[in-house]
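Heads up: the structure comes next, in structure tokens.
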Amino acid sequence: MALCSEIALSYSFNYRIRIDAEFYQPRHLEVDAFLSSIETVPLGRVCTKISDGTHFTPNYTPTGVPFLSALNVLENRLYVNGNHRFISEREHRDLYRRCDPRPGDILLRKVGVGPRYAAVVPNGVSEFSIFVSVAQVRLNESAGLRPAYVSTFMNCSYGQRQLLRFNKGIGQPDLHLEDIRLLRVPKATSSVQKEVEDLVASSQRCREQATSLYAKGTAILAATCGYLDPDLSTTRGYETTLSQMALNRRWDGEFYKPKYRRVLASVLRAKKIAPEKLIPIGQVFSFLTNGHTPLRHDLSIGEIPFLTAEHVFDFRINLDTDKRILSGHHTGELARTSIRKGDVLLTIKGKVGNCAVVRKCPEAANINQDVALFRVRNGYHPYFVAAWFNSLVGKQLVEQRSTGGINPFLGLGNLRRMPFPVLDPRDYNRIGDLVQETIERAQDAEEESAALLHTAKRRVEELVEKEAAK
């Protein structure tokens, strides 16, 4: 206890008096001493503004001005093309007085469990507002530091270890603005900063290419088959028959919204390739199951990557997960959900309906109860099936068969009964091959983007280590 007090007092001049023991862990003191051996500058000295977003929840609207939270700030990438909410123009103007993100500003994820990612607001982005979970950092142009270099340092190991050290709270860790000001940024030559900036810019171009290819892959099915755009408007009143309710085994009124009938009609009346009929998609599966979480297991312990719904997107699987299970779980109670190349994963809880084919599978990986795993029978193309789920039609049919409001759930029984078009096997293969080629190009571009970001971070870390070795 005396040792902790002594350490706290010795660091009080730099960090104010901190009484939380975590702040003085040896691993943090080691980084602190390491950075003290090189020339650094506190972030607060080179900034004209360090602020955060609104501290109250605004009134969300269907459209309007984008409103970003911590989930929209990724590693050197700002996710503003979806997965965000909107607020009205009037409310945006009120919030803009406090926080006005503009191109060149750095946004930092300051609330929540996990990495404190930072990203630079790119050129060409329209106005948006941010929540309190995001910090805004604006550098002084005369400070000699480029935003891309500073954000990359924040994302590298030395920046992350500093930021995570300042976390306060347990359930919902938070970075205070005064602590962000204390972040020590190494000085670097203009040439090094330009090199890092170019790597980040190249990564962004690869990411944009991947985004464009994913969108193209999603649109292939509808364009090739010639689906008409269905009318998705809703009406206050509609009706169905008792026999239909008995046939569908659904008694909730939402299931019988007329828009779902119009969606199926757009498929049956396709201009180019109309299906012979619609069958339950369960007839396409040769295998269907979902996983579970081992009882009383700490998911930070283990050797086997463990995927949840948050790791599965449309046509994409993020295998970089920090969740783990033991080998005994993987080969024992979860043996049936061991994923392999060619398997198809579908999210069935929370964000329902994201579908992706396993392409580059690690030696061993598994899934939890929020993800369904299925394999298709001979004669069907896995990428065609994935394209069906990820299309506008598929999204609507998944919505129809999901239960629950706040936290949607798609049971395996309801999934099996989802309609699927019967086409000539040659059409399945032709469309599936085209989707596969497009998605694989998108995934390759995405991997190249990640590799460039890794190179940029490593370049900054090498700079720090080289300066410390002098």
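The values are calculated or read from the model by the stated rules, or taken from the named source; none is laboratory data. No experiment lies behind these values; they were computed from the predicted model shown. Every residue, glycine among them, receives a Cβ derived from its backbone with ideal geometry; neighbour counts consider all protein chains shown.
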Q: Mind counting the residues in the range 358-381 that are in contact with a helix residue (DSSP H, G or I) (Cβ under 7 Å, 6 or more places away or on another chain) and without any contact (Cβ under 8 Å) to a residue 60 or more places away in the chain?
A: 2
Q | Residue satisfying condition, being touching a residue at least 60 places away in the same chain (Cβ under 8 Å), among the hydroxyl-bearing types (S, T, Y) and outside any helix (DSSP H, G or I), within set S266, S286 | A | S286
Q | Residue in the range 240-261 that is among the β-branched types (V, I, T), in contact (Cβ under 8 Å) with a residue 12 or more places away in the chain, part of a helix (DSSP H, G or I) and in contact with a helix residue (DSSP H, G or I) (Cβ under 8 Å, 6 or more places away or on another chain) present | A | no
**Q.** Every residue from the range 99-118 that is over 18 Å from D174 (Cα atoms) and part of a strand (DSSP E or B)
**A.** none
Q: With respect to A372, determine if the residue is modelled with pLDDT under 95, out of contact with any Phe, Trp or Tyr (no Cβ under 8 Å at 6 or more places or on another chain) and of a type in the set (G, A, S).
A: no
Q.
Of the conditions (1) surrounded by 13 or more Cβ atoms within 10 Å (Cβ to Cβ); (2) at pLDDT 95 or above; (3) touching a Cys at 6+ places or on another chain (Cβ under 9 Å); (4) in a loop (DSSP other than H, G, I, E, B), L345 satisfies every one except a single condition; which number is it?
A. (4)
(Q) Just checking, does the range 145-163 include any residue being over 19 Å from the mean Cα position of the chain (by Cα), assigned by TED's automatic domain parsing to the domain that holds T57 and in a strand (DSSP E or B)? (A) no
Q) Just wondering, is there one or more residues in the range 228-243 that are at pLDDT 90 or above, hydroxyl-bearing (S, T, Y) and out of contact with any His (no Cβ under 8 Å at 6 or more places or on another chain)? A) no
Q. Which of the residues that make up the range 191-229 are surrounded by fewer than 16 Cβ atoms within 10 Å (Cβ to Cβ), farther than 25 Å from G124 by Cα and among the hydroxyl-bearing types (S, T, Y)?
A. S191
**Q.** Scan of the range 369-404 for residues that are surrounded by 20 or more Cβ atoms within 10 Å (Cβ to Cβ) and in a strand (DSSP E or B), ordered by number
**A.** V371, A372, L373, F374, V376
